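Inspection log for the structure reproduced underneath, given as structure tokens.
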Amino acid sequence: MQPMMKTASIVFASLALAACSGADMRMGAGARAVATLEPTKGNTASGSAEFVERGGKVHVTATVTGLAPNQEHGFHVHEKGDCSSGDGMSAGGHFNPDGKPHGPQGAPHHAGDMPSLKADASGNAKATFVLDDVTVASGPKSVVGRGLIVHKDPDDFKTQPTGNAGARLACATIRAA
């Protein structure tokens, strides 16, 4: 009877832990922001992105259509949530509150530097990644109120300060949700 009670206790503890983990995942999701990408003048790229703060990191999910098929496109958070210029230049430069050089994740980089989008044969891209040097909650590193830009070319993650990613195909203002 003793071994059965021990097994039952382990099973109960495992189930309780699993239930708590699920609740923590739902309740652990903190601030959330969304962006609706609109094409800049003469372009067709559009889409959406969601930023969810969880466990001190920001989880990003993006879907973009109207891209050059089978190509990579630079994808950045920019200083200003202003898409009024028609070419996306009103969004300013990359969001860089710490004054770091442009670069890839895993090396010194602007807070707004994100992995490039990879379009499929139909010109559609889906991306999911995690950022550790921004927040969604208010503060100097918040992405809320910033611009989100999809670029024409891939980011080379070397050229300062832009990554040589070319023209701005789509622009959005990141808004709290």
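FYI, it's all coordinate maths here, none of it is from the lab. None of the values given here were measured: they were computed from a predicted structure.
Only Cα pairs under 8 Å and at least 6 apart count here; give the relative contact order of segment 30-176 as a rounded whole percent. Please report the intermediate quantities before stating the final value.
Values: 442 pairs, mean separation 47.7, N = 147.
Relative contact order of segment 30-176: 32 percent.
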Straight-line reach only, C-alpha to C-alpha below 21 angstrom: list the lysines that Lys152 could link to, leaving out same-chain residues fewer than 8 apart. Lys41, Lys80, Lys118, Lys126
Vicinal HN-Hα couplings computed from phi for segment 72-89 (Karplus, 6.51 cos²θ - 1.76 cosθ + 1.60; Hz; Gly/Pro x): 9, 9, x, 9, 9, 8, 10, 4, 10, x, 10, 10, 6, 6, x, 10, x, 5
Can you list the HN-Hα couplings for segment 156-164, worked out from phi with the Karplus curve (6.51, -1.76, 1.60; θ = phi - 60°), rounded to whole Hz and with x for Gly and Pro? 7, 6, 10, 4, 9, x, 9, x, 6
